[in-house]
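Participant: Sharing a structure here in structure tokens format.
The values are calculated or read from the model by the stated rules, or taken from the named source; none is laboratory data. All figures in this text were calculated on a predicted structure; none of them were measured in a lab. With ideal geometry, Cβ positions are generated from the backbone for all residues, glycine too; neighbour counts draw on all protein chains shown.
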Amino acid sequence: MAEAEEGRFRVEPLLFHLAGIPSYLVVAELAINQVLRGALPRPAGYPEKLRRTASERWYGTARATLAYAKANHAPAGRLTEVAGAIATAAVQTGHAVLAGRGEWVTNEKRLLERAGLRGVDGVIGSLGVRPDQLCEAVADAEVLFERAMG
């Protein structure tokens, strides 16, 4: 909780999570779930410093993920890598949007819906195989994510 209050966190890889999980997930669990036995500390709310740092870091990572795809994978026609980068960046942006709102996230299952990013399905669904089509898809994702960030 002290790390979250100071706006510090790590992102840990975890199976089945595209973007990994933030170390503040345990604080989110304390904030939104009911303690069944004993007593545990409960955060008063979403820490203001974490709102700023988490939103900036997640969105910065999403932009870097797309930039790499645009510079390396899309021009080479690597469809799978572009699709994966867009999906990963969407989830990273979802974390950024919700952190900016001060909304706790405990998993990725409904993250895109909550963040208003379900439109990424259309971007991925329209992927072509030519480099110009892949570059266009990355650009479309950039616009979608920027709009979600407000």
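Participant: Pairs needed: first member in the range 44-68, free of Cβ contacts under 8 Å to residues at least 40 places away in the same chain and surrounded by 15 or more Cβ atoms within 10 Å (Cβ to Cβ); second member anywhere, part of a helix (DSSP H, G or I) and among the β-branched types (V, I, T); C-beta distance under 7 Å; at least 6 residues apart or different chains.
Facilitator: From the range 44-68, the pairs are T65/T88.
Participant: Follow-up question, since we're still on this one. For the range 79-102, name all the residues that are exposed (fewer than 15 other Cβ atoms within 10 Å of the Cβ) and either under 29 Å from Y24 (Cβ atoms) or of a type in the set (F, W, Y) (or both).
Facilitator: Scanning the range 79-102 gives R101, G102.
Participant: Can you tell me which of (1) over 30 Å from D132 (Cα atoms); (2) in a helix (DSSP H, G or I); (3) of a type outside the set (K, R) is the one T65 doesn't meet?
Facilitator: (1)
Participant: Which of the following residues is touching a helix residue (DSSP H, G or I) at 6+ places or on another chain (Cβ under 6 Å), among the aliphatic types (A, V, I, L, M), in contact (Cβ under 8 Å) with a residue 24 or more places away in the chain and not in a helix (DSSP H, G or I): A83, A19?
Facilitator: A19
Participant: Taking the condition of being at pLDDT below 95 and of a type in the set (A, V, I, L, M), how many residues in the range 39-78 meet it?
Facilitator: 3
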